[in-house]
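Take a look at the structure below.
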Amino acid sequence: MSTPVAANAVIRCENLHRHLGHDAGRVHVLRGVSFEAERGLVHAIVGPSGCGKSTLLYQLGLLDKPDDGRIWIGGELVSNSSDELRTAARGRHLGFVFQFHFLMLEFSALENVMMPMRKLGRLNEAAMAERARHLLGEVGLGDKTHRLGTELSGGEQQRVVVARALANEPSVILADEPTGNLDQKNSTMVFDLLARLARENGQAVVLVTHNPEIAKRSDRVLSMRDGVFV
Amino acid sequence: MSPNLRIALRFLTARRRAMFMSLIGIMVGVGFFIVTQAQTSGFEDFFIKTILGTNGALKIEDRLQATLFPMEADGADGHSDFLVASDGNKKIIPGVEDPARISEAVRHFKNVSGVSIVLEGTATLATNVSGATAHVQGVNIADHLAVSDLSRQILQGSLADFRIVPTGAVVGSILAARQKLHPGDSFTLEWNGALRRYRVSAIFETGVSDIDRVRIYVHLPEARSLFQKPTGASFLQVNLFDPGRAREDAVRIQEVIGHVVAPWQKREKTWLDVFRALRLSSAITVSTIILISGLAMFNTLAMVVMEKTKDIAILRSMGYARADIARIFIWQGAIVLAAGAMAGCVLGAAATYGVSKLPIRIRGIFSTDSFVVSWSLSHYVAAVLIASVIVMAASLIPARRAARLEPGDVIRGTSQ
Ligand SMILES: Nc1ncnc2c1ncn2[C@@H]1O[C@H](COP(=O)(O)OP(=O)(O)OP(=O)(O)O)[C@@H](O)[C@H]1O
Ligand SMILES: [Mg+2]
């Protein structure tokens, strides 16, 4: 029923089902999705609009519970564990880039990137700021660290979000069209950054994209249609 | 600083104006609470001080005598009402028969600071001009000063004069004014056909008009002659080191000496109840201001929660737990509460000080020419406590709603 488990699979799901909506509007969005992401590789999920790519990403990101099926992170079954455990797992293992920029607008770029580090509490204040500045430099915003979210363009906000997703050195980075509203140059920069981190740090990158260029440069491409991989 | 507190502070600034209004509401509520309590309890304390200074902490009168008649027999002979009314199966004999002995016994109680033997009677006062009814109290002045504030209640004349003049009298201010009596003037007191002449040594004012209108102090031997009562006393006036213990002491003393002992709380129950009701009703009224600012706080926080659903989802996706989200909103309530309560205490103290300088002339149950306030930490504690309960309850509901948000729902809602 499932593919053999790869030795370095860091996140894995099996036979995921998810319905959305109520009563007559109830849609069977995920229809038995199985998938695994390996350390050090960039996985691109492609497919037509509305096929369930974002829904799958929320499942893998433990932001939403599946109606059926199971999810493992780092070998640990987490699909049905308590809210506390799932929350802790998000902080420790996962970094998110949402389809639309989700920046906390009253906070500066630096504060946004430091936000997950503060919760995790692994580093001291100075080390956190140092790391946040480094990450913002990596996405080309080294000179705008103290700008508030409201003072950044859409594309700049999206790059802050990418830096924030990398803050806690997650083992899995889930990115929903991370380059969706970036120009060619920045698109390439963000993708290169993600790909390099995956290789250097052994992180697994799972990204959803409509950009054939990006898909082509990914290590694996998975095609989705009507709630299943084809 | 905890990450939650940091986020709370930033969210607060996002709704600066609404938060500021809640803060003002809390400040005004707490301030008003403090100043009204300071006034009502100020007047209450002043009233208590006045009654302790005029009639003492305890009044010992009427001897109790155990009756020998069994209760069953009483029903038959028609005297039952009288006997049942007299404190169960005890009979009451008016007055104190052996005041010297009783006074000595009472002085042995630890909390007793003074005892004064008083012989009281009603006589007719007459001057060259007119006449009036007077309540004459015969006292030993040295003893009486130990159980009253008479020395501080003198308006004209002096107690030194009273001490050395055997026919001297100290006259209540209203009575003196009506009879146009001044220190040095003389008047007569008539009882049962016998007439005696006195001279005004001093005029006193307690502020209690019922007393100032009728009371005259004379020396005890004079009173004995006037009322033709060579022994006995009408009552003993007792002062205590700690008047707060008057009830307990009254019970113990009554048991030992076999006389009815009335503590001031019982004697002045009517007025004390009025003051208590006043204090409570003003506390309730003013608490509604705090309640309204609590509602404002609730409203503001509920608004912030709605505005910040996206931020809440982001925080949850980064590993912030439900409890963290709840804390972020509770912190906001707590910060506004703390600032409002602190400002309210300052406002309350300033207003209390200001009110104490306001002129107001009151005579009747006490005598004052300005507002009386009492400075008590308990008013501040009570105000802050009430504000805390209301504001924290008002913050808890939006905080719980924020904590219950499902990040998946929020993100899907926006990212569709
Ligand atoms: N609350 C909902 N109720 C009913 N159907 C929903 C709801 N939310 C999403 N859907 C449906 O679920 C399907 C999958 O949505 P999803 O967002 O996963 O698509 P997607 O593949 O990410 O599309 P896109 O490329 O446009 O982002 C869509 O057909 C959508 O209409
Ligand atoms: Mg999508």
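The values are calculated or read from the model by the stated rules, or taken from the named source; none is laboratory data. This structure is a prediction, so every number in the text was calculated from the model and none was measured. So basically every Cβ, Gly included, is an ideal-geometry build from the backbone, and we count neighbours across all protein chains shown. Remember, those area values only see protein heavy atoms, side chains included, never the ligands or the DNA or RNA. Shrake-Rupley method; radii C 1.70, N 1.55, O 1.52, S 1.80 Å.
Being away from ligand 2 (no atom under 16 Å from the Cβ), within 14 Å of chain A (Cβ to nearest Cβ), closer than 25 Å to B:Met1 by Cα and open to solvent by less than 20 Å² (accessible area, probe 1.4 Å) is a property that does not hold for B:Gly340.
Residue check: is B:Ala399 more than 16 Å from ligand 1 (Cβ to nearest atom), open to solvent by less than 30 Å² (accessible area, probe 1.4 Å), under 30 Å from A:Gln59 (Cβ atoms) and assigned to a helix (DSSP H, G or I)? The answer is yes for B:Ala399. Residue pairs, Cβ under 6 Å, 6 or more apart or interchain, first in segment B:375-392 and among the polar types (S, T, N, Q), second outside any helix (DSSP H, G or I). List them. Taking only residues 6 or more apart or on different chains, not a single pair turns up.
Set side by side, the residues A:Ile45, A:Ile11, A:Ile71 differ, and just one is within 15 Å of A:Met224 (Cβ to Cβ) and either more than 10 Å from ligand 1 (Cβ to nearest atom) or away from chain B (no Cβ under 14 Å) (or both), which is A:Ile45. Counting residues in segment B:295-306 that are surrounded by fewer than 23 Cβ atoms within 10 Å (Cβ to Cβ), within 30 Å of B:Ile117 (Cβ to Cβ), more than 14 Å from chain A (Cβ to nearest Cβ) and without any contact (Cβ under 8 Å) to a residue 60 or more places away in the chain gives zero. On inspection, A:Thr150 qualifies as over 20 Å from the mean Cα position of the chain (by Cα) and among the β-branched types (Val, Ile, Thr).
Taking (1) away from chain B (no Cβ under 14 Å); (2) at pLDDT 90 or above in turn, A:Val160 satisfies each apart from (1).
Results for (1) farther than 22 Å from B:Gln37 by Cα; (2) surrounded by fewer than 17 Cβ atoms within 10 Å (Cβ to Cβ); (3) modelled with pLDDT of 85 or more, shown as yes or no for each residue.
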| residue | (1), (2), (3) |
| --- | --- |
| B:Ala283 | no, no, yes |
| B:Thr288 | no, yes, yes |
| B:Ala313 | yes, no, yes |
| B:Ser317 | yes, no, yes |
| B:Ala321 | yes, no, yes |
| B:Gly333 | yes, no, yes |
| B:Ala349 | no, no, yes |
| B:Asp369 | no, yes, no |
| B:Val372 | no, no, no |
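Of all the criteria given as (1) within 16 Å of ligand 2 (Cβ to nearest atom); (2) facing another protein chain (nearest Cβ under 9 Å); (3) modelled with pLDDT of 90 or more, the one not satisfied by A:Gly95 is (1). Within segment B:178-185, the presence of a residue that is under 17 Å from B:Leu125 (Cα atoms), assigned to a loop (DSSP other than H, G, I, E, B) and in contact with a His (Cβ under 6 Å, 6 or more places away or on another chain) is excluded.
Residue-level check: of (1) surrounded by fewer than 15 Cβ atoms within 10 Å (Cβ to Cβ); (2) without any contact (Cβ under 8 Å) to a residue 24 or more places away in the chain; (3) closer than 23 Å to A:Ala215 by Cα, A:Tyr58 misses just (1). Considering only residues in segment A:156-177 that are without any contact (Cβ under 8 Å) to a residue 60 or more places away in the chain and crowded, with 17+ Cβ neighbours inside 10 Å, the one that is nearest to A:Gly75 (Cα to Cα) turns out to be A:Ala163.
Condition check ((1) over 24 Å from the mean Cα position of the chain (by Cα); (2) under 30 Å from B:Met392 (Cα atoms); (3) not polar (S, T, N, Q)) across all residues:
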position: B:Leu226; (1), (2), (3): yes, no, yes
position: B:Leu240; (1), (2), (3): no, no, yes
position: B:Asp249; (1), (2), (3): no, no, yes
position: B:Ile257; (1), (2), (3): yes, no, yes
position: B:Lys269; (1), (2), (3): no, no, yes
position: B:Arg279; (1), (2), (3): no, yes, yes
position: B:Met297; (1), (2), (3): yes, yes, yes
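Residues of segment B:223-271 that are surrounded by fewer than 21 Cβ atoms within 10 Å (Cβ to Cβ) and among the charged types (D, E, K, R): B:Arg224, B:Lys229, B:Asp242, B:Arg245, B:Arg247, B:Glu248, B:Arg252, B:Glu255, B:Lys266, B:Arg267, B:Glu268, B:Lys269.
State yes or no: is B:Pro3 surrounded by fewer than 22 Cβ atoms within 10 Å (Cβ to Cβ) and either away from chain A (no Cβ under 14 Å) or at pLDDT 90 or above (or both)? Against the criterion (surrounded by fewer than 22 Cβ atoms within 10 Å (Cβ to Cβ) and either away from chain A (no Cβ under 14 Å) or at pLDDT 90 or above (or both)), B:Pro3 does not qualify.
The sole residue among B:Ala349, B:Ala403, B:Ala383, B:Ala393 that is under 29 Å from B:Leu295 (Cβ atoms), within 14 Å of another protein chain (Cβ to nearest Cβ) and small (Gly, Ala, Ser) is B:Ala403.
Let's see how each residue does on (1) farther than 27 Å from B:Glu406 by Cβ; (2) within 14 Å of chain B (Cβ to nearest Cβ):
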{"position": "A:Ala88", "(1), (2)": "no, yes"}
{"position": "A:Met104", "(1), (2)": "no, yes"}
{"position": "A:Ser108", "(1), (2)": "yes, yes"}
{"position": "A:Val139", "(1), (2)": "yes, no"}
{"position": "A:Leu148", "(1), (2)": "yes, yes"}
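A:Arg122 meets all of the listed conditions (1) crowded, with 22+ Cβ neighbours inside 10 Å; (2) within 13 Å of chain B (Cβ to nearest Cβ) but one, namely (1).
The C-beta contact set for segment B:139-162 (first residue open to solvent by 50 Å² or more (accessible area, probe 1.4 Å), second residue in a loop (DSSP other than H, G, I, E, B), distance under 8 angstrom, 6+ apart or interchain) comprises B:Leu155/B:Glu205; B:Gln156/B:His182; B:Gln156/B:Pro183. Across segment A:45-55, the number of residues qualifying as of a type in the set (A, V, I, L, M, F, W, C) and open to solvent by 10 Å² or more (accessible area, probe 1.4 Å) comes to 1. Within segment B:119-168, being among the aliphatic types (A, V, I, L, M) and in contact with a Pro (Cβ under 9 Å, 6 or more places away or on another chain) holds for one residue alone: B:Leu119. Could you please let me know if B:Tyr380 is loosely packed, with under 15 Cβ neighbours inside 10 Å and either assigned to a helix (DSSP H, G or I) or modelled with pLDDT of 95 or more (or both)? Judged against the criteria, B:Tyr380 is not a match. Within segment A:198-209, the set of residues being modelled with pLDDT under 90 and either within 16 Å of ligand 1 (Cβ to nearest atom) or crowded, with 20+ Cβ neighbours inside 10 Å (or both) comprises just one member, A:Ala198.
When each of A:Val33, A:Val27, A:Val42 is tested for being among the β-branched types (Val, Ile, Thr), touching a strand residue (DSSP E or B) at 6+ places or on another chain (Cβ under 7 Å), more than 23 Å from B:Ala313 (Cα to Cα) and open to solvent by 30 Å² or more (accessible area, probe 1.4 Å), the lone residue that passes is A:Val27.
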